[in-house]
Structures are given as C-alpha cells and as structure tokens.
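Taking it in order: structure first as structure tokens, then the write-up.
The values are calculated or read from the model by the stated rules, or taken from the named source; none is laboratory data. Keep in mind that this is a model prediction, so the values were computed, not measured. In this analysis, Cβ positions are derived from the backbone assuming ideal geometry, glycine residues included, and neighbour counts consider all displayed protein chains.
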Amino acid sequence: MSDSKKKIVIVGAGGLGKGIAQLIKDINRVEHVWDLLGFFDDDPELQGKKVSGLPVLGRLEGLGDTDYRNVYAISAIGTSVGRDRIINKVLGINPSISFPILVHPTAIIGDDTEIGEGTTVGAYSIIEPNNRIGANVLIHYGCTIGHDCVIEDFSTVLPGTNISGHVKLFFGSYLGSNSTVLPGTAIGPFTIVGAGAVVVRSLPGRCTAVGVPAKLIKKNDEV
C-alpha cells in the first residue's frame, strides 16, 4: 500500500465496529485515503480473531506500542457515556493518537457546518447549513439535522432520527432510533431520548424521556 494512505484502527469490534469498517471501505471506494489496519478491543473472546475480514490487533493497551504512535483511531462505542470513557482511556495510553472525521460519501453536509474530530456521519444522512457539531459525535445513517443546530461532544444520534432547526444537544446526549426533536428545543447533558419519541419541549440533563410527546420517566444521576 502507498505510504500516502493514512493508517487507521477501530476501537471496538462489535456491531458498530463492523458498521464503521464498512463506512471506511465505502470512503475508500471513492478515494482510497485510509489504510484500515483492524480493531482493538478488550474482549478476551475476540483476541486473535477476525471481524469483517479484519484482524483484532489486541487489547486497548496495545495502542501504546510504537507501531501505533501516529495512527488515527475511531471509536466504535455506541453509547455516549461509553465513548467518552473509551476515548479518555485511549488518550491515556497514546496521547499522540489522532481522531479523524469520517463522513459517508452519500451524506450531504451543508455549507458553514463545522464538524469536530472523531465524529462519524453515516450513509444518507443530511446535515443542513450552519451547524456546529462537536468532537466524537456519532451520527448514524439516515438522519436529518436542520439548520443552526449545536451538537456538543460525545452526543449520539441513532438511525432515522430527525432534528429540526435551532436545536441544541448538550454534551453526551443520546437520541434513540427514529426519534424527532422539534425546533428550538434543547436536550440536556447525558439525557437519553427513547426510540420513536417526539421531543416537543426542552429536556433537563441526566434523565430518560420516552413517548409521544416525550415525557420524563427517570433520572440518570449515576452518570
């Protein structure tokens, strides 16, 4: 392989890891910029095996080896809380590691939109103009994000979610599949919105809301 290709590893070899591997392969079909080395995962059952045809290279501590000093890493951890913890663990092992922005070739990104490092945008998602999307955000496939939104670091937007304009997702918020967030509302830090819920008014931090319209069902004080 050409030395010009950027070496990248995926942290997490579960279902989401398989999806991100496919995203990277799809990017490479358009422009071969990534040399996908494989996965790192702490699961003892995965050591020495292959996932989606790619090797599990070892436990996370292996990222401290000199071979991985200048690689890129992308997190394949599905929850906001888990992704926050894993990224901090990776940086503790290898402070020089870089986190790429991965956008599927079929996604549409509007003008004047900023996207932070470590963020992924899945297939067929549409992000309208003038959005601010933070670092290590996971936007799955088939999502829509209206104009003038702010999505803070480590937020998670699952497949089919529709976010209207002028919405703010605070740090680590989590929107379940096919949920809807109406214009001008805000989702507090580490709040979970259940699948299919419709958020019609702002939600506080560290809680879970479900239903149509979305209603609080519990507090997540342990986060």
Residues satisfying the stated conditions in region 171-201, i.e. of a type in the set (Ser, Thr, Tyr) and either under 17 Å from the mean Cα position of the chain (by Cα) or surrounded by fewer than 14 Cβ atoms within 10 Å (Cβ to Cβ) (or both): Ser173, Tyr174, Ser177, Ser179, Thr191
Of (1) surrounded by fewer than 21 Cβ atoms within 10 Å (Cβ to Cβ); (2) part of a loop (DSSP other than H, G, I, E, B); (3) within 18 Å of the chain's Cα centre (by Cα); (4) not assigned by TED's automatic domain parsing to the domain that holds Gly194, Asp84 fails just (2)
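Return a yes/no flag: does region 16-29 have any residue that is among the hydrophobic types (A, V, I, L, M, F, W, C) and part of a strand (DSSP E or B). Give the derivation first.
Residues of region 16-29 that are among the hydrophobic types (A, V, I, L, M, F, W, C), as a first pass: 16, 20-21, 23-24, 27.
Imposing the further condition that a residue be part of a strand (DSSP E or B) reduces the set to none.
Scanning region 16-29 turns up no residue that is among the hydrophobic types (A, V, I, L, M, F, W, C) and part of a strand (DSSP E or B).
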Cross-chain or 6+ apart pairs with Cβ under 7 Å, region 172-201 first and in contact (Cβ under 8 Å) with a residue 60 or more places away in the chain, then part of a loop (DSSP other than H, G, I, E, B) and among the basic types (Lys, Arg): Phe190/Arg206
Test Ile108 against the criterion of being aliphatic (A, V, I, L, M) and loosely packed, with under 14 Cβ neighbours inside 10 Å, and give yes or no. yes
Failed condition for Val200, given (1) more than 26 Å from Leu102 (Cβ to Cβ); (2) of a type in the set (A, V, I, L, M, F, W, C); (3) touching a strand residue (DSSP E or B) at 6+ places or on another chain (Cβ under 8 Å), with all others met? (3)
